[in-house]
Amino acid sequence: LIKVSDDLVSGGTRVAADGSTPEERIHALVAFHVEFALGNADVIRVHDRDVVHLSAQDHSAVRRLQRAYIELWIDTLHPLVEADADELRLRVQACFGLINSTPHSTRAAARHHSATAAVLAAMAESALRATSEKHRPAGFLQHVGDILEEPRALRSVDDPVIEGEAERHHVALSLIHI
């Protein structure tokens with residue numbers, strides 16, 4: 001796991017350095033990480049399972065490398081997104097979660113299709129640049145706030161909080177997966 005973490009830092013540093021603009025650098029980092037995740041699904045699964053079983057020294061080394069990789073992404077994202085360091089870190093780690101979920105969310109055959117990589121890269125870049133609530137009109141996420149204040153085990157497609165055909169369709173699909 002130390003070698004994999006080191007490879008991510010050195011590879012990420014290399015591809016980011018090849019970009020001449022912040023836009024090119026973040027695009028290169030996303031493409032690099034998507035390629036890694038799709039090509040190394042087993043490594044991600046092993047990391048998820050075994051990182052807690054590393055010796056203290058190895059665990060420390062992996063964490064140091066992970067922090068360096070995260071900082072590389074934060075430094076690259078900073079000129080593109082108006083946010084403080086904590087929010088940039090949140091965006092980067094959420095992006096990693098999205099990309100690194102591929103071993104669990106895709107079939108092995110799909111990981112070899114360029115369309116999978118393209119969709120994943122587009123989603124990752126969108127997640128990195130998503131507009132936060134403070135930049136949206138008042139009330140944009142009011143129904144989410146209502147849900148958080150009054151949690152329900154199961155939402156109905158007829159719930160008055162859910163307005164519009166698209167939202168009803170989304171909720172109906174969500175209910176199918178419960």
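Worth a mention:
- Residue 78 vs. criteria open to solvent by 50 Å² or more (accessible area, probe 1.4 Å) and either over 20 Å from residue 32 (Cβ atoms) or small (Gly, Ala, Ser) (or both): no
- Pair list, Cβ < 9 Å and 6+ apart or interchain, from the range 73-96 residues that are in contact (Cβ under 8 Å) with a residue 24 or more places away in the chain to residues that are assigned to a loop (DSSP other than H, G, I, E, B) and open to solvent by 90 Å² or more (accessible area, probe 1.4 Å): none
- From the options 54, 1, 29, residue that is open to solvent by less than 40 Å² (accessible area, probe 1.4 Å) and in contact with a Leu (Cβ under 8 Å, 6 or more places away or on another chain): 29
- Matching residues, the range 12-24, being surrounded by fewer than 18 Cβ atoms within 10 Å (Cβ to Cβ) and in a helix (DSSP H, G or I): 13, 14, 17, 18, 22, 23, 24
- The set of residues in the range 82-98 that are farther than 16 Å from residue 123 by Cβ and of a type in the set (A, V, I, L, M) comprises 83, 85, 88, 90.
- For the range 64-78, a tally of residues being touching a Ser or Thr at 6+ places or on another chain (Cβ under 9 Å) and of a type outside the set (Gly, Ala, Ser) returns 5.
The values are calculated or read from the model by the stated rules, or taken from the named source; none is laboratory data. Every value quoted in this text rests on a predicted model; they were computed, and no experiment measured them. When we count neighbours, we look across all protein chains shown, and the Cβ atoms used for this are built from the backbone with ideal geometry, even at glycine. Just the protein is used for accessible areas: all its heavy atoms, side chains included, with ligands, DNA and RNA removed. Shrake-Rupley method; radii C 1.70, N 1.55, O 1.52, S 1.80 Å.
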